[in-house]
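Following: one structure in structure tokens, then a few remarks.
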Amino acid sequence: MTGPTPYARPARSSAREIIALVCDNSTFSELPYPIVEFKADGPLAWQGYDASRARATARTGEEESVVCGTARIGGTPAVLIVFEFGFLGGSLGERTGDRLELAYEHARANRLPVVPLVATGGSRMQEGMLALTQLQRVARQSALTREAGLPQIAVLRDPTTGGGWATLGAGADVILALPGAQVGFAGSRVRPADADPAAYTAEAQVAAGAADAVVRPEALRETLARWLWLLSVGDRSSDGSSDRSAEAAPPPPSLAAEALSATGWDAVRRARSPQRPRADAYLDAYFTRRTAISGDRCGGTDPGMACGFGECAVNGRTVAYAAQLGTATRPAGYRTAARLIRLADRLGIPVLTLVDTPGAANDAAAEREGAGAAIADLFGAVATARTPVTTLLIGEGGSGGALALAAPGNTWATPDSYFSVIAPELAAAILKRSEGEVRATADQLRIRPQDLVELGVVRGIVGPPDPDPDPDLR
């Protein structure tokens with residue numbers, strides 16, 4: 001019997017080193033912290049607490065476990081919350097809570113995104129329950145910032161455990177992590193003795209859908225700059241609130257031949273062809289650059305659903321995208337798409353969805369993973385979105401598993417696509433028809449793009465790209 005997988009701890013950086021790593025040169029400005037006097041040895045009169053703090057200050061040069069300030073990252077201003085793990089393990093106490101609250105309030109007052117760079121072991125034992133309740137304080141500030149339509153992009157350093165992970169980390173809109181960082185609610189000294197340390201890493205959290213990506217330190221500034229640029233350009237009104245009347249994203253032009261299918265079965269065959277352009281080709285043509293999110297935050301990922309944000313090549317605006325990749329969509333894929341749409345809605349960013357699936361995954365595992373609830377959640381996210389949603393049907397539109405991603409009243413189709421209440425083969429089986437009647441059933445279902453236009457299911461059929469686009473739109 002083998003023991004837990006060996007775990008190699010990555011090198012740790014101080015708060016000031018991380019600030020220098022991610023910020024544009026000389027742009028970091030520390031916020032003025034409130035002056036709060038505690039009685040000797042803190043609120044619990046914990047003997048030796050003052051001495052421990054003094055030693056931590058001498059060792060790190062910091063007076064508390066978090067450094068907060070404003071800076072530019074890739075030219076975009078943001079509020080940074082940077083933990084110093086060398087100060088009592090980056091633990092949260094009352095003074096930490098004061099600083100965190102100040103940082104969030106400054107972000108809302110100045111309409112700035114928040115970037116927590118987390119490295120903490122959790123709440124500070126020397127302050128007991130008063131330290132633990134700081135998590136409620138942080139959670140409220142994060143929620144208020146979310147309601148204000150401001151993005152929060154967390155970076156998980158080593159370690160990110162306990163309440164710091166459960167609030168500043170896992171509560172962010174986008175979650176990045178450094179390679180090998182210890183990430184989990186249970187810290188190394190409190191988890192079961194036989195627990196595999198590899199399960200509590202950044203890589204494991206990404207695989208489980210709890211974080212979006214692992215980013216190497218040398219790429220962190222560029223990655224943060226790209227995310228901040230994409231999520232901070234949502235149209236804003238004069239009073240700073242989100243502009244919910246933003247124009248819808250234009251549908252992509254077709255990458256397929258312009259001819260329409262003569263029969264319903266022809267439409268099915270074209271949509272199922274391995275040679276047909278897929279979502280990746282449409283996304284590459286539509287965006288000059290894009291960055292993905294990953295995971296449903298419920299323990300799952302789906303490689304058949306691509307979600308993220310990108311810069312539209314037509315007008316330079318940020319557009320969120322959720323694209324099916326031609327496979328049966330799993331519950332985690334629907335939940336990830338719903339997460340994407342709700343985030344875009346809060347930030348006032350238009351959404352593009354690409355429909356291409358034979359249908360929702362219908363195996364026993366999908367049922368256990370909550371397929372029905374996940375599809376219902378996506379239907380609800382699309383139906384209640386205040387930001388405009390545009391849909392392009394680029395291949396198979398298989399029943400409700402495809403319709404959940406489609407925008408009511410703003411769905412378009414390519415010439416090599418079809419949309420059906422159910423696959424023609426399954427429709428024939430339900431109607432107790434022979435295999436030879438499948439093609440006739442496909443015609444009866446009226447699933448061709450031109451049928452869908454006539455029925456009012458889609459707005460129109462997109463043509464090929466304009467060979468000579470207006471240079472003013474570039």
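The values are calculated or read from the model by the stated rules, or taken from the named source; none is laboratory data. All values derive from a computational prediction rather than experimental measurement. Cβ sites come from the backbone with ideal geometry, for glycine too, and all protein chains shown count toward neighbours. What goes into the accessible areas is simple: the full protein's heavy atoms, side chains included, and nothing from ligands, DNA or RNA. Shrake-Rupley method; radii C 1.70, N 1.55, O 1.52, S 1.80 Å.
Some points to look at:
- Dmax and Rg, reported as Rg then Dmax, of the range 134-190 (C-alpha, Å): 11.8, 38
- Residues whose amide H falls under 5 Å from that of Leu92, counting only those 5 or more places apart or on a different chain, are Gly122, Ser123, Arg124, with hydrogens built in the peptide plane.
- Surface accessible to a 1.4 Å probe, Leu112 within the full protein complex, Å²: 20
- Residues of the range 445-467 with amide N under 16 Å of the 7 Å Cα→Cβ point at Leu260: 445-464
- Note on Ser434 and Thr288: the extension gain reaches 47.7 nm, defined as 0.36 nm multiplied by sequence separation minus the Cα-Cα distance.
- In the distance distribution for the range 374-447, Cα-Cα pairs more than 17 Å apart total 52 percent.
- Principal semi-axes in Å for the range 277-387 [√(5λ), Cα gyration tensor, largest first]: 24, 16, 11
- Fraction of antiparallel bridges per DSSP, the chain only, in percent to nearest 5: 40
- Kirkwood-type radius of the chain, with distances r between different C-alpha atoms, in Å: 24.2
- In the distance distribution for the range 320-452, Cα-Cα pairs more than 17 Å apart total 58 percent.
- Among 437-443, 208-214, 148-154, the order from most to least packed when residues are scored by Cβ within 10 Å on average: 148-154, 208-214, 437-443
- The accessible surface of the range 277-366, taken with every protein chain in place and a 1.4 Å probe, is 54 percent carbon and sulfur.
- Based on the Kirkwood approach, the hydrodynamic radius assigned to the range 83-198 is 14.3 Å, with every pair of different Cα atoms included.
- Each residue of the range 345-358 was assigned a 3J(HN,Hα) from its phi angle through the Karplus curve 6.51 cos²θ - 1.76 cosθ + 1.60 (θ = phi - 60°); the sequence is 5, 5, 8, x, 10, x, 10, 10, 10, 10, 9, 6, 7, x Hz, with glycine and proline shown as x.
- Protection-proxy order for peptides 76-82, 10-16, 256-262, each taking the mean of Cβ atoms within 10 Å per residue, highest first: 76-82, 10-16, 256-262
- Mean separation of Cα contacts under 8 Å, 6 or more apart, over the residue count of the chain: relative contact order %: 11
- For the range 386-429, the equivalent ellipsoid derived from the alpha-carbon gyration tensor has semi-axes of 22, 12, 6 Å in decreasing order.
- In Hz, Karplus ³J(HN,Hα) per residue of the range 422-436 (6.51, -1.76, 1.60; θ = phi - 60°; x = Gly, Pro): 6, 4, x, 5, 6, 4, 5, 5, 5, 7, 6, 9, 6, 4, x
- Once the C-beta distance of Leu426 and Arg386 is scaled by a Förster radius of 45 Å, the resulting FRET efficiency is 0.80 to the nearest 0.05.
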